[in-house]
Amino acid sequence: MQAHCLEDLRQAAARRVPKIVFDFVEGGAGHDTGVAENVAAFDRIRLIPRALVDITEIDLTRELFGRRWALPFGFSPVGYANIIWPGADEALARAAAAANIPYTLSTAGSTSVERIGAVAGKSAWFQLYILKDDRLNDDLLARADAAGCEVLLVTVDVPRNARRLRNMRNGFGLPLRYSTALAFDLVRRPSWCLATARAGIPTLGNMQKYAPRGSRAMQVVEHFPRHSCGRMDWTVLKRIRGLWKRKLVVKGLVSVDDALLAQDIGADGVLISNHGGRELEGTIATFDALPAIRAAVGPGFPLLIDSGVRSGEHILKALAAGATFVLVGRAAMYGVGAMGAAGAQRVIEILRDEMRDVAAHLGVTATSQLSPAFLRYPPASGYSGFGSRVYGMRSTFEEQMPGVST
């Protein structure tokens with residue numbers, strides 16, 4: 001198939017993957033307005049191009065945590081990813097390693113951290129959900145460290161399971177509960193059914209070790225809820241900080257106060273995220289939360305952002321607004337859902353090409369040159385000092401916060 005943008009991949013995935021599975025990936029909390037708001041927040045911002053710049057060479061590389069990445073984005077963790085297409089975790093990990101960008105495996109990933117570490121090498125990161133048993137948490141940390149994961153993302157924005165109406169209406173659960181409606185849905189998606197039949201029912205690779213001996217794939221999936229939703233507060237996070245000797249990022253913050261607390265306990269960075277709108281429908285969009293958090297934590301503290309990223313233009317807007325790095329989740333799932341393993345590479349190619357095009361029109365030859373001076377916020381946004389409120393007015397952001405974009 002031909003795919004020229006992420007929307008092409010999304011539509012193709014919707015045709016190829018069963019509706020119950022696609023809705024699991026696509027949907028959010030409640031009526032999905034939080035999902036839409038994340039995207040709309042990026043789209044509300046207008047860009048201010050600069051002309052007559054030699055853009056023969058454009059450098060899209062980005063430094064983060066002591067490493068120079070080929071592109072300023074990576075892949076977010078997605079739980080049970082192999083349900084959208086067999087081998088999704090490995091396909092994304094391989095594509096990320098080949099492109100020199102990070103891939104983050106979820107605790108609830110379909111593939112074990114040991115396998116992803118072998119596939120992705122130094123591009124492998126790990127995301128931790130806090131489980132009820134500290135012995136399991138400690139073991140997961142030890143396994144991620146042994147697998148060579150350089151960065152740990154600790155997710156803190158899931159205090160309880162959200163009401164996802166799409167899943168509830170579809171009767172979605174893990175494992176899938178078979179019904180007449182599901183059977184009809186599967187019959188219309190033969191390629192997915194055949195691929196899944198060949199590969200076998202996806203499981204939770206990291207949890208296999210903690211399930212009763214001899215558990216089959218679905219039994220491992222059923223066992224996971226017994227361990228999930230452990231106690232999570234700042235004391236627990238401090239304990240994890242003490243155990244994890246590599247880079248630690250707190251994932252799931254949109255509050256300035258929380259970002260400052262994460263900085264105070266010794267986190268190496270914060271991932272501004274609302275779980276892609278999957279947990280709290282009315283939460284603030286991550287792009288809207290970014291400027292105030294950047295102002296609070298200062299110019300040198302690493303800020304990553306996800307949720308709502310649907311194009312290379314969105315990535316450059318995030319960098320211009322003060323993000324250090326960007327992660328994409330649903331976009332990656334659209335790719336593998338539409339094209340299998342080839343789709344993982346296609347997502348990277350599309351985002352890379354879009355970023356080059358936008359950078360050229362902005363007159364930017366390196367991501368380090370991006371700043372809020374290239375952004376025009378809506379007049380009612382109240383972001384005074386974080387970009388040009390009036391078209392053509394230069395921001396004083398660089399003088400206030402030198403080096404924020406590096």
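The values are calculated or read from the model by the stated rules, or taken from the named source; none is laboratory data. Keep in mind that this is a model prediction, so the values were computed, not measured. With ideal geometry, Cβ positions are generated from the backbone for all residues, glycine too; neighbour counts draw on all protein chains shown.
Observations on the structure shown:
- Test: residue 135 is of a type outside the set (Ser, Thr, Tyr), surrounded by fewer than 18 Cβ atoms within 10 Å (Cβ to Cβ) and touching a residue at least 60 places away in the same chain (Cβ under 8 Å): no
- Against the list (1) out of contact with any Leu (no Cβ under 8 Å at 6 or more places or on another chain); (2) surrounded by fewer than 19 Cβ atoms within 10 Å (Cβ to Cβ), the condition residue 94 fails is (2).
- Only one of 74, 30 that is out of contact with any Asp or Glu (no Cβ under 7 Å at 6 or more places or on another chain) and closer than 26 Å to residue 304 by Cα: 74
- Output for segment 158-180, where each listed residue is within 22 Å of the chain's Cα centre (by Cα) and in a helix (DSSP H, G or I): 165, 166, 167
- Within segment 192-230, considering residues that are touching a Ser or Thr at 6+ places or on another chain (Cβ under 6 Å) and not in a helix (DSSP H, G or I), the one surrounded by the fewest Cβ atoms within 10 Å (Cβ to Cβ): 205
- Pick from segment 15-54, criterion basic (Lys, Arg) and either in contact with a Cys (Cβ under 6 Å, 6 or more places away or on another chain) or under 14 Å from residue 334 (Cβ atoms) (or both), ranking: surrounded by the fewest Cβ atoms within 10 Å (Cβ to Cβ): 15
- Of everything in segment 119-146 that is part of a loop (DSSP other than H, G, I, E, B), under 21 Å from the mean Cα position of the chain (by Cα) and not aromatic (Phe, Trp, Tyr), the residue that is nearest to residue 241 (Cα to Cα) is 130.
- Some residue of segment 116-127 being at pLDDT 95 or above, among the polar types (S, T, N, Q) and buried (at least 24 other Cβ atoms within 10 Å of the Cβ): yes
- Residues satisfying the stated conditions in segment 332-377, i.e. without any contact (Cβ under 8 Å) to a residue 40 or more places away in the chain and among the basic types (Lys, Arg): none
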